[in-house]
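Notes follow the structure.
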Amino acid sequence: MSMTSPLLTLPGAVAGDGVDAPVAAHYGSFNGEQRALEAGEGFVDLSHRGVIRVSGPDRLEYLHSLTTQYFLGLEPGTPTAALILSPNGHVEHAMYGTDDGEAFTAHVEPDAAPALVEFLDKMRFLMRVEVTDVTDGLAVAWRPGADGAGKYDLLSRTELPAYAEAAGPAAGLWAFEALRIARGEPRFGLDTDHRTIPNEVGWIPSAVHLDKGCYRGQETVARVHTLGRPPRRLTLLHLDGSDNRLPKQGAPIVLADREIGVVGTAARHYELGPIALGLVKRNVPLDATLQADGIAAAQEVVVDPEVGLHVRPQLG
């Protein structure tokens, strides 16, 4: 289970819900907190996320062989996103981390570390690596950056209060999520499902390196990228604000009384208003107004329905 953050004792802190209950949803003004983050100020407590460590002299070769990312020669301190796919190319794990020259340390969704560690440990064979769940000792925080994506910090859990005092003001997860959704960045397990392939949600090339050797699920990724179109596409939904609610995660997206997709995460953006991410069928017209959990929603392209066709080889 995720560990409750000590920063919930900060003035104005209101706990989140669901998997995000162990950290603050906001500290009194999620709109003001969004503005502060957009201005490059403050930090977000993400200490409920899981943390794993892969150490040993063969760790980069080992991760290179198992994941979608190119790990050979990875320079220390370089932020890296990597996926583990099923044999059919469906995303099973997503991790984000850096190597320090001795170990690769990555953070994952809340409560996702044990399953990832179990999988990685089974795949060690004769390689000189050790895989450990270090969630109990390490916490994740996020600071805004000039590129919008910001920077993730990994620190000892005992250092969280001192970190908060130095990095403040604190912004809650509602503010973080609103800015993430507006950037069109999917969250694994909430904006994806068991059928998701990387091509559908914009994880090429950020989490998938197209110029590396074999890994599990590569054939599906390469085939869709070079010859075909993903069966679904991630879209940003601009929701009708007259209905004072947000669509529920997992609710259906409907067009002309036909279910054509599913709602992912949703939030209230300080400028855009209510927004959400959704996975819809590729052939849904881009200009169609959809119904997301009964709320009217216009679309903004995140993943082009024609993605991949630009590299179609010239045959014959």
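For residues that are hydroxyl-bearing (Ser, Thr, Tyr) and open to solvent by less than 40 Å² (accessible area, probe 1.4 Å), scanning just region 211-226, find the one that is nearest to His64 (Cα to Cα). Within region 211-226, the match that is nearest to His64 (Cα to Cα) is Tyr215. For region 75-87, the set of residues classified as within 21 Å of the chain's Cα centre (by Cα) and either farther than 14 Å from Leu60 by Cα or assigned to a loop (DSSP other than H, G, I, E, B) (or both) consists of Gly77, Thr78, Pro79, Leu83, Ile84, Leu85, Ser86, listed by residue number. Taking the numbered list (1) touching a Phe, Trp or Tyr at 6+ places or on another chain (Cβ under 8 Å); (2) open to solvent by less than 60 Å² (accessible area, probe 1.4 Å); (3) under 19 Å from Arg180 (Cβ atoms) in turn, Gly12 passes all entries but (3).
Okay, residues lined up against (1) farther than 30 Å from Val23 by Cα; (2) open to solvent by 10 Å² or more (accessible area, probe 1.4 Å):
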{"residue": "Arg180", "(1), (2)": "no, yes"}
{"residue": "Pro186", "(1), (2)": "no, yes"}
{"residue": "Gly228", "(1), (2)": "yes, yes"}
{"residue": "Arg233", "(1), (2)": "yes, no"}
{"residue": "Asn244", "(1), (2)": "no, yes"}
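Being in a loop (DSSP other than H, G, I, E, B) and of a type in the set (Asp, Glu) is the filter; apply it to region 191-210 and report the residue that is surrounded by the fewest Cβ atoms within 10 Å (Cβ to Cβ). The qualifying residue surrounded by the fewest Cβ atoms within 10 Å (Cβ to Cβ) is Asp193. Candidates are the residues of region 123-157 that are touching a Lys or Arg at 6+ places or on another chain (Cβ under 9 Å), among the small types (Gly, Ala, Ser) and in a loop (DSSP other than H, G, I, E, B); the one that is surrounded by the fewest Cβ atoms within 10 Å (Cβ to Cβ) is Gly145. Being buried (at least 22 other Cβ atoms within 10 Å of the Cβ) and more than 12 Å from His107 (Cα to Cα) is the filter here, so list the residues in region 49-63 that pass it. Listed by number, the residues that qualify are Arg59, Tyr62, Leu63.
Is one or more of the residues making up region 186-203 free of Cβ contacts under 8 Å to residues at least 40 places away in the same chain and among the acidic types (Asp, Glu)? Within region 186-203 (the criterion being free of Cβ contacts under 8 Å to residues at least 40 places away in the same chain and among the acidic types (Asp, Glu)), the answer is no, since none of the residues qualifies. Can you name every residue in region 90-117 that is outside any strand (DSSP E or B), surrounded by 19 or more Cβ atoms within 10 Å (Cβ to Cβ) and in contact with a Lys or Arg (Cβ under 7 Å, 6 or more places away or on another chain)? If the condition is that a residue be outside any strand (DSSP E or B), surrounded by 19 or more Cβ atoms within 10 Å (Cβ to Cβ) and in contact with a Lys or Arg (Cβ under 7 Å, 6 or more places away or on another chain), then Glu109, Pro110 are the ones that fit. Scoring Val307 on the criteria (1) assigned to a strand (DSSP E or B); (2) farther than 28 Å from Gln34 by Cα; (3) under 21 Å from the mean Cα position of the chain (by Cα) leaves a single failure, condition (1).
Of the strands (runs of 3 or more DSSP E) entirely within region 211-296, those holding at least 3 residues that are among the β-branched types (Val, Ile, Thr) and either modelled with pLDDT of 95 or more or not assigned by the TED database to the domain that holds Ser86 (or both) occupy 258-269. Going through (1) part of a helix (DSSP H, G or I); (2) of a type outside the set (Ser, Thr, Tyr); (3) open to solvent by 10 Å² or more (accessible area, probe 1.4 Å) one by one, Leu120 falls short only on (3). Going through (1) surrounded by 23 or more Cβ atoms within 10 Å (Cβ to Cβ); (2) farther than 27 Å from His64 by Cα; (3) not aromatic (Phe, Trp, Tyr) one by one, Asp257 falls short only on (1).
Look at region 150-179: where a residue is in contact (Cβ under 8 Å) with a residue 60 or more places away in the chain and over 19 Å from His107 (Cβ atoms) and a partner is in a loop (DSSP other than H, G, I, E, B) and open to solvent by 40 Å² or more (accessible area, probe 1.4 Å), sitting 6+ places away or on another chain with Cβ atoms under 8 Å, you get Pro169/Glu41; Ala178/Tyr270. The set of residues in region 39-62 being within 28 Å of Leu160 (Cβ to Cβ) and either within 16 Å of the chain's Cα centre (by Cα) or of a type in the set (A, V, I, L, M) (or both) consists of Ala39, Val44, Asp45, Leu46, Ser47, His48, Arg49, Gly50, Val51, Ile52, Val54. When restricted to residues that are touching a helix residue (DSSP H, G or I) at 6+ places or on another chain (Cβ under 8 Å) and either open to solvent by 20 Å² or more (accessible area, probe 1.4 Å) or closer than 30 Å to Pro161 by Cβ (or both), region 70-89 contains 5.
The values are calculated or read from the model by the stated rules, or taken from the named source; none is laboratory data. What you see is a predicted model, and the numbers here were worked out from it, not measured in a lab. Every residue, glycine as well, gets a Cβ built from its backbone with ideal geometry; the counts of neighbours run over all protein chains shown. These area figures cover heavy atoms from the full protein model, side chains too; ligands, DNA and RNA do not enter into them. Shrake-Rupley method; radii C 1.70, N 1.55, O 1.52, S 1.80 Å.
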